[in-house]
Every structure is written in C-alpha cells, then in structure tokens.
Amino acid sequence: MTHSNPWSLSPEAIARFHRDGYLVVLDLLSSDEVEAFLQDNEDVFAGRRQTGLTHHLENETWARMAGHPRITAVLRALMRGQPMCVQTMMLAKAPGGKGIAIHQDGYYIETEPDTSNEPEIMIACWIALDAAGPDNGGLCVVPGSHQGPLLQFDRPQDSAQHVSWVHEYEYRNRAGKTWMVPLHSAEVRDWDPAREVLLTVPAGGGVFFTGRTIHGSHRNESPDRPRRAFACHYVRDGTWVYRTDIQRLMRV
C-alpha cells in the first residue's frame with residue numbers, strides 16, 4: 001500500500017472537532033489505498049480469516065493502515081500528543097446487517113487518566129471502505145456529547161436493529177492488581193433519536209471522535225450495498241488502558 005503524504009488540519013477543523021466532539025475528513029485515503037486494503041482483506045470479509053482487536057500487532061497491512069501518515073497527522077493535531085494504537089476492528093455490515101446501538105467508547109475502554117477533563121485523550125478513527133450513509137447503516141453521532149459524562153446505559157433494546165453480546169474481561173492497574181469486569185453491548189438509556197446526526201461519508205473518508213462522543217449505527221437497509229469500515233482506537237502516550245487484552249499499545 002502506498003501512503004499519501006501527510007497534511008495538516010486547518011485551525012478551523014481543529015476547533016470544530018473540539019466543539020463538536022467529531023470531525024469528518026473526506027479525503028483521508030485515496031481510492032487506490034481503499035481498493036488495496038479491501039483486496040488484502042478479502043478472506044476477512046468472506047469469513048475465512050478471523051481477526052481480534054490486536055490484529056494490527058500481527059498483520060503488517062493492518063499496522064500500516066493504523067499508522068497511516070494522514071491518520072497520525074490528524075491524531076497528533078487533535079490529541080495534542082503522541083498517539084498510541086489500542087485496538088483495530090473490521091466492521092463489515094452486509095445488506096440487512098445489524099448496527100451497533102448508540103453508546104460511548106469510554107464504557108468499553110477505561111483509561112487512566114480518564115476522559116472526563118480531556119475527552120481527546122482517547123480518539124477513534126472510523127474509515128469508510130464503502131460509501132456509507134443513512135440508507136446502508138452509516139455512522140451516526142451526537143454533536144457536543146463529548147462534553148458530558150459517561151451516561152447510564154442498558155442492553156440494546158431493539159434486537160432487529162442492533163447486535164447484542166456479553167463478555168467478561170480482565171482488568172489490571174498500574175500496580176499489577178487484576179480483577180474481572182463483565183461488559184455488554186451498551187445503549188445509552190432513555191435516548192432521544194432526534195439528537196443523532198446521520199453522517200454521509202464517501203469511501204476513503206474518515207470520522208474522528210472522542211471516547212465520550214455518543215455514536216452508533218443502524219441496520220443496513222440497502223438491498224445491495226454493503227457498508228464495510230475499518231476502525232482504530234488510540235490513546236495519548238502515557239495513558240493507562242485497564243483491559244489486559246488491549247494493553248499492548250502500538251506507537252504510530
């Protein structure tokens with residue numbers, strides 16, 4: 001994969017991110033880069049190869065994408081520090097596929113320091129590998145929600161719209177003490193869908209948002225348009241991640 005040259009965000013774009021809690025970058029990847037990444041991962045989309053949250057530590061293609069110069073240039077500007085990759089995920093949603101209920105990533109990735117004073121300590125980069133919009137289960141966000149606390153949540157209420165899971169994770173603090181924490185797919189409690197902004201992102205476009213920004217996606221209602229995406233989560237260097245399965249951070 002040939003990387004494009006990194007570029008700088010405008011002061012207006014940086015200010016918009018800190019105001020809204022998210023930023024859409026339309027030209028994050030070139031069409032050639034998207035096509036090459038899709039070809040390299042045909043077996044993943046076909047279900048012939050399984051990947052975990054730390055596949056970027058084992059696979060050069062994923063590591064190169066997570067450390068793409070344009071992505072890291074954006075992260076450094078928004079995070080105001082050195083980004084460290086925590087986890088990577090391929091999010092393939094075929095026609096009819098379920099979405100992920102509206103949530104905050106800070107629930108799944110607990111850190112020290114936490115994101116209460118500086119939401120940008122943790123930032124996600126969600127990359128559209130297909131054109132993504134309201135009709136095929138694109139991303140939705142809530143502007144300004146990163147300025148509030150982590151909210152109360154329940155299990156997803158609509159099983160036809162959203163996936164549901166339960167898993168227990170090991171946590172470890174800086175002193176080495178470990179304990180188990182049960183997590184489940186979360187949906188913000190008593191949510192008003194009218195606050196959601198449904199984004200339209202072209203293939204190769206990316207969405208950056210904080211660990212407190214409320215976001216999610218809905219079912220892919222398109223009869224023939226898949227919505228494939230690649231998502232990476234990053235924390236600022238020096239941040240402690242409690243979950244032991246994603247504590248091995250990659251400098252980008």
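I'm checking my understanding of the structure. Among residues of segment 100-122 that are part of a strand (DSSP E or B) and within 15 Å of the chain's Cα centre (by Cα), which one is nearest to R174 (Cα to Cα)? Within segment 100-122, the match that is nearest to R174 (Cα to Cα) is M122. For segment 21-44, the tally of residues that are out of contact with any strand residue (DSSP E or B) (no Cβ under 8 Å at 6 or more places or on another chain) and either surrounded by 16 or more Cβ atoms within 10 Å (Cβ to Cβ) or at positive phi (or both) stands at 4. May I ask you to list the residues in segment 123-164 that are within 17 Å of Y107 (Cα to Cα) and part of a helix (DSSP H, G or I)? Result: S145, H146, Q147. Between T200, T210, the distinction of being under 21 Å from the mean Cα position of the chain (by Cα), buried (at least 18 other Cβ atoms within 10 Å of the Cβ) and in contact (Cβ under 8 Å) with a residue 40 or more places away in the chain belongs to T210 only. If you check A77 against the conditions, is it out of contact with any Cys (no Cβ under 6 Å at 6 or more places or on another chain), among the small types (G, A, S) and within 27 Å of W165 (Cα to Cα)? So A77 does not fit the description; no. Number of residues in segment 80-96 that are crowded, with 20+ Cβ neighbours inside 10 Å and either part of a loop (DSSP other than H, G, I, E, B) or of a type in the set (S, T, N, Q) (or both) equals 2.
None of the figures in this text is laboratory data; all of them are computed from the coordinates on show. From a predicted model like this one, the values you see are computed outputs, not experimental measurements. All Cβ positions, glycine included, derive from the backbone under ideal geometry; neighbour counts span all protein chains shown.
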